[in-house]
1. Can you check how the C-alpha radius of gyration of the range 536-578 compares to 2.2 N^0.38 Å, as a plain ratio?
2. Among 576-582, 467-473, how do they line up from the highest to the lowest mean number of other beta-carbon atoms within 10 Å?
3. Enumerate the calculated ³J(HN,Hα) couplings along the range 154-162 in order (Karplus 6.51 cos²θ - 1.76 cosθ + 1.60, θ = phi - 60°), each rounded to whole Hz, writing x wherever the residue is Gly or Pro.
4. Arrange the peptides 481-492, 132-143 so that the one whose residues have, on average, the most other Cβ atoms within 10 Å appears first.
5. Give, as ranges by residue number, the residues of the range 258-277 whose backbone N falls under 14 Å from the point 7 Å along Cα→Cβ of Lys224.
6. Once the convex hull of the C-alpha atoms of the range 85-141 is built, how many Å³ does it hold per residue, rounded to a whole number?
7. Given the pairs Lys531/Lys597; Lys391/Lys455; Lys347/Lys418; Lys347/Lys380; Lys478/Lys564; Lys391/Lys418, which are separated by over 26 angstrom at their Cα positions?
8. Tell me, rounded to the nearest percent, the portion of alpha carbon pairs in the range 429-642 spaced more than 27 Å apart.
Amino acid sequence: MKFSLSLSVAMACTLHMVLIFSCVYLVCLSAQQETGFVYNGFDQADLFVDGNAMILPGGLLQLTNTTELQMGHAFFKQPFDFDPSSSLSFYTHFVCALVPPKLGADGGHGIAFVVSPSMDLSHAYATQYMGVFNSSTTGTSSSHLLAIELDTVKTVEFNELEKPHVGIDVNSPISIESALPSYFSSELGKNISINLLSGEPIQVWVDYDGSLLNVSLAPLEIQKPNRPLLSRAINLSEIFQDKMYVGFSASTGNLLSNHYILGWSFGRSKEVLRTLDLSKLPQVPLPREEKKKLPPLLIGLVVLLVIPVLMILGGVYLYRRNKFAEVRESWEKEYGPHRFSYKSLYKATNGFGKDCRIGKGGFGEVYKGTLPLNRHIAVKRLTHDAEQGMKQFVAEVVTMGNLQHRNLVPLLGYCRRKGELLLVSEYMPNGSLDQYLFHDQNPSPSWLQRISILKDIASALSYLHTGAKQVVLHRDIKAANVMLDSKFNGRLGDFGMAKFYDHGANLSATATVGTVGYMAPELITTGASTKTDVYAFGAFLLEVISGRRPVEPGLPVGKQYLVKWVCECWKQGSLLETIDPRLGGGFLSMEAEMVLKLGLLCTNAMPESRPAMGQVVQYLSLDLPLPEFSPYTPGIGAFMPVSMEASSAIGIPRLRNSSFSMFVTHTIFDGHGR
Ligand SMILES: *[C@@H]1O[C@H](CO)[C@@H](O)[C@H](O)[C@H]1NC(C)=O
Ligand SMILES: *[C@@H]1O[C@H](CO)[C@@H](O)[C@H](O)[C@H]1NC(C)=O
Ligand SMILES: *[C@@H]1O[C@H](CO)[C@@H](O)[C@H](O)[C@H]1NC(C)=O
Ligand SMILES: *[C@@H]1O[C@H](CO)[C@@H](O)[C@H](O)[C@H]1NC(C)=O
Ligand SMILES: *[C@@H]1O[C@H](CO)[C@@H](O)[C@H](O)[C@H]1NC(C)=O
């Protein structure tokens, strides 16, 4: 029993002690709650906020954003006991930031640390009243308001300082004490000013020991200055009520700032005031740097400079686009590889410069050009206004480009522009044969050269007539269209007129084109055929051997028509008199006789009596003897002049496409170079 009693006493004692300890602990807790607090960021804080104020995610307390005429308040929810019988002292340390919409611009109106008898400041005004005062709380002691303002706008009627300032306000927005924001650096021994609107966090200390109210400012990285910015003797017992709330207010007007509080520590004594952990404070969102406005004069100058430059560039672009513009149609796609760009031809011929011009005809000019890799070309530039028939013509040009024979001038391709067609062929360095036959300044070709050239052209024609996939008619064989390559080989050029017929097609359905003197008589009735090419070759052959043109109206009547004249001479047994006197007798009589007779055979008026080109080749190479015939054989030496005028007058319906064919007649066959 005794034991149990002592046990119960011991238990009671223990219980008692636990109770006492609990009590002490509770008292301490409540005492601590009333004497101070610290917030390193506000995400856990239970503050009273109103107006524009809010706690942003991340713990930043935003009192106002940049909306006009706003105010915002934030208060610690428990009031503090400022019973005059006890100490009225308090100490606070907070970090704030005033961020105008654009850095470097003005902002408004500012932040105030407020000690107020009520958390309800809804009667207060925004703007210069800082969300703390209104027009009637100007010095009335019933307000019981203390504010430490960081005011960024000068208010004339409040006798405020020019620039953003720090002030102590008691019951009135008119400060009883104010100063330009700065801190005293003991290291440097001088005051260093602070820009309130830099957007950088600013530390503020407000210390009241019961008689002196000190206010200090410093940037975040600076320790609390030894000397306060403001130090004012105030007896707060005359202002405060028994219970006072502590908090912040901020306002905007026409001038705006984001007003932020980053952290806050408050204590009723120096010892209770806990230090802020600056490293835990939230980040302040900074606006983008305001772009420096360019002076209007400079902008004007730049515009004045830029516009002409743009106009010139635009002009150059349009000019170049126009200069190198081409006509390109969908049907040309298949001819892609044969198509030259105008720009490349323009470059090759030095912009179709005069020094590159090697010939000029009625409707077009011929230029020598050099493509990259030193490839020489001849560009025939033809003007026309007929788009009609162009498709067929280009098709022919391209097909001709596919013909390959060592005695043909290779046609490389073409280019089309509006009103212009450019034909590109290989450049023949020695020009055309007629220049050597008829121009005394050039050396006269020798007999062997002439025979060799005749063989070349006969071989080329034979190829066109029988060797290619299609029968190709040249239709304009003459000395001017026979080109000479670097080795003086004859090469048949100027295919423009040629038309293509599939083997076995009706050869008579054709247009009539050609040159007077080389045109077979049946040309205007039955049209072009391989036989009309043979006729033209015969005329050309006689031209080469006799060194004169088939028709020369200036000569005596008996000599005007070459074919007739040669035949007459044969009748009189003086056939060799028709041979070019420039040869000076340098020829083989037997061969000369044969060749002249071959010329007459080819120009037989009756097409069926003319040999085929294959036979002509054999005759020329002496592989085959000429058939027996005399100058009296029908059809031999019968020259019937055919002219374009005549054929036009008859109105040949076979001109499939009159405008284009006429163009062809007049231009392409001028020969390149004269
Ligand atoms: C400012 O905050 C208010 C809400 O308090 C909001 O309606 C308004 O859009 C905000 N203004 C700006 C400029 O952020
Ligand atoms: C000014 O504020 C006080 C409270 O501080 C309020 O009683 C009074 O009505 C307000 N005056 C005006 C003009 O709003
Ligand atoms: C620094 O500022 C304080 C308060 O504004 C002023 O009293 C003091 O004379 C200033 N000191 C210097 C060195 O400017
Ligand atoms: C206020 O500042 C003065 C020096 O200007 C100093 O002597 C005094 O102790 C300070 N008071 C408080 C409460 O910090
Ligand atoms: C402050 O004012 C109260 C009442 O007016 C007075 O009792 C007290 O002594 C004053 N305190 C100081 C330090 O002057």
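The values are calculated or read from the model by the stated rules, or taken from the named source; none is laboratory data. Everything numeric in this text was worked out from a predicted model, so none of it was measured. Heads up, the Cβs are rebuilt from the backbone with ideal geometry, glycines too, and the neighbour counts pull from every protein chain shown. The protein model used for the area step is the full one, side chains on, heavy atoms only, and it has no ligands, DNA or RNA in it. Shrake-Rupley method; radii C 1.70, N 1.55, O 1.52, S 1.80 Å.
1. On the way: Rg = 9.7 Å, N = 43, 2.2 N^0.38 = 9.2 Å.
Normalised by 2.2 N^0.38 Å, the Cα Rg of the range 536-578 equals 1.05.
2. Details: 576-582: 16.7, 467-473: 18.7.
Top of the packing list down: 467-473, 576-582.
3. 7, 10, 4, 5, 9, 6, 7, 5, 3
4. 481-492, 132-143
5. Only 264-277 pass the distance filter.
6. Convex hull volume per residue, Cα atoms: 134 Å³.
7. Lys391/Lys455
8. Of all Cα-Cα pairs in the range 429-642, 25 percent lie more than 27 Å apart.
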